[in-house]
Amino acid sequence: MSKAAEYRPLPPTPRAGLTQDWLIYDEARNRLVLYLSDYHAPTRAYYQWLSIRPGKALPITFTARANLSLFLDNRLVFTAHAPASYTVDLAKLLPAGSVAGPHLLCVWQPDGSPNLPSFVNAVPATPPRVGKASPPLLAAAPRPRGHQGQNVFVGFLLFIGLCYGSLRASYQPGFARIYQLEGLWGKGSTEQDFLIKPTLTWLNLGLVLLFALSFALLLVAIHTNIQSIVILRQLFDVAESAIVVRVLLYTALVAGFVLGKYLFLELLGYIFDVTELVTIQYREFIRTILFMGLFLPVVMLLYLGLNQRLPETVLWVSNGVVSLLLIGTVVRVARTLHHKTSLLNLHLFSYLCATEVIPLIILLKLIVFTY
């Protein structure tokens, strides 16, 4: 059925404007085939036939990472020099002497897959009133909303900093039990004290929400490639320009994942008959992510300061911090469970793989190794 769907007749060439039907190059058959997101693997180049008439504006908007390129009829017409949102007029990008008719648009990202859902037709400008000149359309000019996005990120970071300061002043003993570097890998009384305390206190709940907000900022600002995940786009289709809504949505998803993991552990603990380990495992999970999540706002400060000049470096640092957060949490939980009961037992090792290792691999794939 899948192969039959792959080679179904292509949609007719649109009269004007982009559609969501993209083509990819089939090297074996030397032809373009319809791209099916749930069937084909992501690729670097996508094609679409467009009807373009020189002199008749055909504006499109899209979000691009650095070095994304547009080709018309196999000629390079645009390259993104920095991550931003762009508006271009394809009619103005046509080579001199081009005629009206079908032209092949190619979107190419050399270091990954382009953000295809962001390629849409630009909203036509309101017709000018009589006696007023219409402003010229700027080709390949970044839209100013990127600066608005930075203001949103700065505002959220200030809010996170104020909340951390308020919680530290109000709950000093509990705050110290979590954010002590010497106790993270030790066996001191501070560690044992945390593991016997109730898990969902008001302090821990507030810190979980701050962790979720910090992680959400990182996903929206740097890991924009998660927008290309099919299941996420189908469940939560939020516009690229709605930065605040996306931050709040991802905050709810991260917080829901952290708090909902307890139910997941309870279920698998019942299946593997190790329910006595669930509580201590979840407490160690909470303690570790809260401690390591303190470094996420630092990455956001790095993004705000260096992303315009060194976007790839910022992405590498962000991937490293997220990977360290996820892998370090699994290692710490495994170490704590091993002190409770030996994980050399195949039964307990299988339980650890089901509750920690497999979710770790899935999260690394979705966030770090999206392409």
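The values are calculated or read from the model by the stated rules, or taken from the named source; none is laboratory data. In this text the structure is predicted, and so the values were computed from the model without any measurement. All Cβ positions, glycine included, derive from the backbone under ideal geometry; neighbour counts span all protein chains shown. Heavy atoms of the whole protein, side chains included, go into the accessibility calculation; ligands, DNA and RNA do not. Shrake-Rupley method; radii C 1.70, N 1.55, O 1.52, S 1.80 Å.
A few notes on this one:
- Single residue of region 322-347 satisfying the filter (of a type in the set (Val, Ile, Thr) and without any contact (Cβ under 8 Å) to a residue 40 or more places away in the chain) that is surrounded by the most Cβ atoms within 10 Å (Cβ to Cβ): VAL330
- For beta carbons closer than 8 Å, sequence separation of 6+ or different chains, a first residue in region 348-363 that is more than 17 Å from ARG335 (Cβ to Cβ) and a second that is assigned to a helix (DSSP H, G or I) and aromatic (Phe, Trp, Tyr), the qualifying pairs are SER350/PHE272; ALA354/PHE272.
- Selection status of LYS197, at pLDDT below 90, under 29 Å from THR279 (Cβ atoms) and surrounded by fewer than 19 Cβ atoms within 10 Å (Cβ to Cβ): yes
- Condition met for LEU70 (modelled with pLDDT of 85 or more and crowded, with 17+ Cβ neighbours inside 10 Å): yes
- Any hit, region 146-167, residues being out of contact with any helix residue (DSSP H, G or I) (no Cβ under 8 Å at 6 or more places or on another chain), surrounded by 12 or more Cβ atoms within 10 Å (Cβ to Cβ) and at pLDDT below 70: yes
- Subset of region 251-284 (residues that are within 18 Å of ARG335 (Cβ to Cβ) and not in a helix (DSSP H, G or I)): VAL274
- In this entry, ILE60 is excluded by the filter for residues that are over 29 Å from the mean Cα position of the chain (by Cα), within 19 Å of THR87 (Cβ to Cβ), β-branched (Val, Ile, Thr) and modelled with pLDDT of 85 or more.
- Residue match in region 313-336 (condition: over 29 Å from THR201 (Cα atoms) and not in a helix (DSSP H, G or I)): no
- Considering residues of region 78-93 that are modelled with pLDDT of 85 or more and outside any strand (DSSP E or B) only, the residue nearest to the chain's Cα centre (by Cα): ALA80
- Apart from one condition, ILE362 fits all of (1) modelled with pLDDT of 90 or more; (2) open to solvent by 60 Å² or more (accessible area, probe 1.4 Å); the exception is (1).
Each row is one residue, and each column tells you yes or no for (1) in contact with a strand residue (DSSP E or B) (Cβ under 7 Å, 6 or more places away or on another chain); (2) part of a loop (DSSP other than H, G, I, E, B); (3) aromatic (Phe, Trp, Tyr).
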| site | (1), (2), (3) |
| --- | --- |
| PRO42 | no, yes, no |
| TYR47 | yes, no, yes |
| LEU50 | yes, no, no |
| PHE71 | yes, no, yes |
